[in-house]
Amino acid sequence: MAKHMSDSNTPTHEQITRRAYEIFIERGRPDGCDLEHWLEAEKQLRAAGQNKSTMAVTATSSANSTPSATSTPARSTQPAAPTSNGRSTGNGKTPPARTAARK
């Protein structure tokens, strides 16, 4: 059974492990950076948990308030976390179909 993030925004060991592995793959599988990847994964997951908590509180307070003519949608004051390390994953073109191997 998978554990989910607790109310205190603390990611589980399994969540950190999975995200650290994703970072390892994204960065080209470098040797000796496991601690760096672990800490980055933990940081990203904590930030994501805080954003979800903030959004849930905002949604709850918005649902309980009476809308006025001048109300504006709630916005996050934090910049969005980067989703990748900035490296290109390709040129966007589909590779040609492979043909049978030549002898």
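Since every read-out is calculated from the coordinates, none of them should be taken as a lab result. Because the structure is predicted, anything quoted here is derived from the model rather than measured. Cβ sites come from the backbone with ideal geometry, for glycine too, and all protein chains shown count toward neighbours.
Worth pointing out:
- Under Karplus coefficients 6.51, -1.76 and 1.60, residue-wise ³J(HN,Hα) of region 14-30 in Hz, glycine/proline x: 5, 5, 5, 4, 5, 5, 4, 5, 4, 5, 4, 5, 4, 8, x, 6, x
- Ranked packing of 29-41, 9-21, most packed first, by mean Cβ within 10 Å: 9-21, 29-41
- Mean sequence separation of contacting Cα pairs (under 8 Å, at least six apart), scaled by the length of region 13-52, corresponds to a relative contact order of 48 percent.
- Panel note: the C-alpha atoms of region 13-52, placed on their principal axes, show extents of 32, 17, 14 Å (largest first).
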